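K.L.:
Just dropping this structure here.
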Amino acid sequence: MRIVEAGILNHCTPRTSRAILTFPSLVSLSNGGLLGVCRSGSTKDTDDETIEVCESHDNGHTWSAPHRPFATPALNGLRGSLKVGYITELESGHLLAGVMWIDRTTYPGQPLFNTETNGCLPMTILLADSHDFGATWSAWRSVPMPEEIGPPSLTNPILKLKDGTLAMSIETNKNYRDRSPWRQQVVLLHSADQGKTWGPPKIAGFDQTGRIFNWDQRAGVAPDGRIVTFLWTYDTQAKAYLNIHRRISLDGGRTWSHAEDIGMTDQASHPAILPDGRVVLAWVDRFKTHSIRARLAPAIDRAFDPASEVIIYTPEHASAGNTDAAGALGMSIWSFGLPYAEALPGGDVLALYYAGTDTAMDMRYARLSP
């Protein structure tokens, strides 16, 4: 595998409300267009954050200026912010956007993550539809969640399964002031009516002992209909990140294989699954090589070939923020990461990520030829 092109997809504007661009994602549309999505804000955790979109009509070689198609609603009279956004094409021209809305009113001025309790600010998952390839969008609708989910984190674009069912990946969290032990897990919710209603959660990743956390589940659907997930795993007793773990489901995410260590450390990207079943996975390794890398596997259940590895990004200087091992707290200070890989028409893969300095982070890309 080789890098055939690289650059900046969306430039930040330092010292403004869009100084920090993070949480990149990408969707390839049936009309040949691409939508590059990211979160923008004055800092990594701020009440002025929102979702930006850039468009490409030449397979990702050039991109439009960013625009902000989504209004940030007040829910039940509470002011909030839009933290993460993903877009899925359900049918030609019919897009479904999923975003994570953060309540910035109930605990005014407080950070998203409570370091004393490991709880999170109240969050809600919102959905909106477009029937014109994203030119216009419907009003937001919220997704009801069982109380035991706590504040829900959206960790992946909504999956369209082979039978047309949709699956939403949700990470559970504790309420902000809850001091009880954190029994973290990741679940899938299913919809049979294009996202209008959702069924009960099905566990996709959970350690019964409570020691291992399964964070940031990234998922994809193989050509044969199987689902593969890659999880960022954290050992709460050792206070250390483990290697990425993979799980596979043969039944639409209702049951799963045992977690498999794939031998690559830290945080996985969304997997780019090519039409022939090959998989490109990018990942960020902050603690050993201090870089973002990618490898190729011949199928979702096969090993990633070390000989295929490419280095996508290495910071010029490793700062304390880039080597912190303090768990979820570290997300507020890392200056690069969150890679996202997506297959493009023609066989290439585009890997997006954020990178920059502590005060100015762009959304960048690398085009990979597998």
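Every number here is computed from the coordinates shown, using simple stated rules; none is lab data. Not measured: the values here are computed from a predicted model. FYI the Cβ positions are ideal-geometry reconstructions off the backbone, even for glycines, and counts take in every protein chain you see.
K.L.:
Here are some pairs, K83/K202; K174/K202; K160/K202; K44/K196; which of them have Cα atoms lying more than 28 Å apart in this structure?
P.N.:
On the way: K83/K202 24 Å; K174/K202 18 Å; K160/K202 16 Å; K44/K196 31 Å.
Long pairs (Cα-Cα over 28 Å): K44/K196.
K.L.:
Would you please state which residues of the range 29-49 a label at R15 would reach in this model, taking the label point 7 Å out along Cα→Cβ and a backbone N cut-off of under 19 Å?
P.N.:
41-44
K.L.:
Could you please rank C38, C54, placing first whichever residue has the fewest other Cβ atoms within 10 Å of its Cβ? Before the final figure, lay out each step's value.
P.N.:
Values: C38 29, C54 20.
Final ranking by Cβ density, sparse to dense: C54, C38.
K.L.:
Follow-up. Can you tell me the relative contact order of the range 1-144? Whole percent, Cα pairs under 8 Å, sequence separation 6 or more. Kindly include the intermediate steps, with their values, before the conclusion.
P.N.:
On the way: 311 pairs, mean separation 23.7, N = 144.
Worked out over the range 1-144, it gives 16 percent.
K.L.:
Now, a different point. Provide the FRET efficiency to the nearest 0.05 for the D178-R141 pair, computing r from the beta carbons and using R0 = 45 Å. Display every interim value, and only then the final one.
P.N.:
On the way: r = 27 Å, r/R0 = 0.61.
In this case the efficiency is close to 0.95.
K.L.:
Could you line up T88, T16 from fewest to most neighbouring Cβ atoms inside 10 Å?
P.N.:
Values: T88 18, T16 13.
Going from least to most buried by this count: T16, T88.
K.L.:
So how far, in whole Å, is the C-alpha centre of the range 82-129 from the one of the range 25-58?
P.N.:
Result: 14 Å between the Cα centres.
K.L.:
Separate question: To make sure I understand, if each residue's beta carbon is the centre and we count other beta carbons within 10 Å, what order do I248, I292 fall in, fewest to most? Write down the numbers at each step before the final one.
P.N.:
Working: I248 15, I292 29.
The most exposed by this proxy come first: I248, I292.
K.L.:
A follow-up question, please. Translational diffusion coefficient, Stokes-Einstein: compute it for the range 2-369 using the Kirkwood radius over C-alpha pairs as Rh, at 4 °C and 1.567 mPa s, and state it as an integer in µm² s⁻¹.
P.N.:
Details: Rh = 20.4 Å.
Answer from the Stokes-Einstein relation: 63 µm²/s.
K.L.:
May I pose another question? If I take every Cα pair under 8 Å that is 6 or more residues apart in the chain, average their sequence separation and divide by the length, what percent do I get for the relative contact order?
P.N.:
16
K.L.:
Now, a different point. Within the chain, what's the longest stretch lacking GluC sites (Glu not before Pro) that sit in DSSP loops with no more than 10 other Cβ atoms inside 10 Å?
P.N.:
Details: sites that count: E116, E316.
After excluding every exposed loop site, the longest remaining stretch is 117-315.
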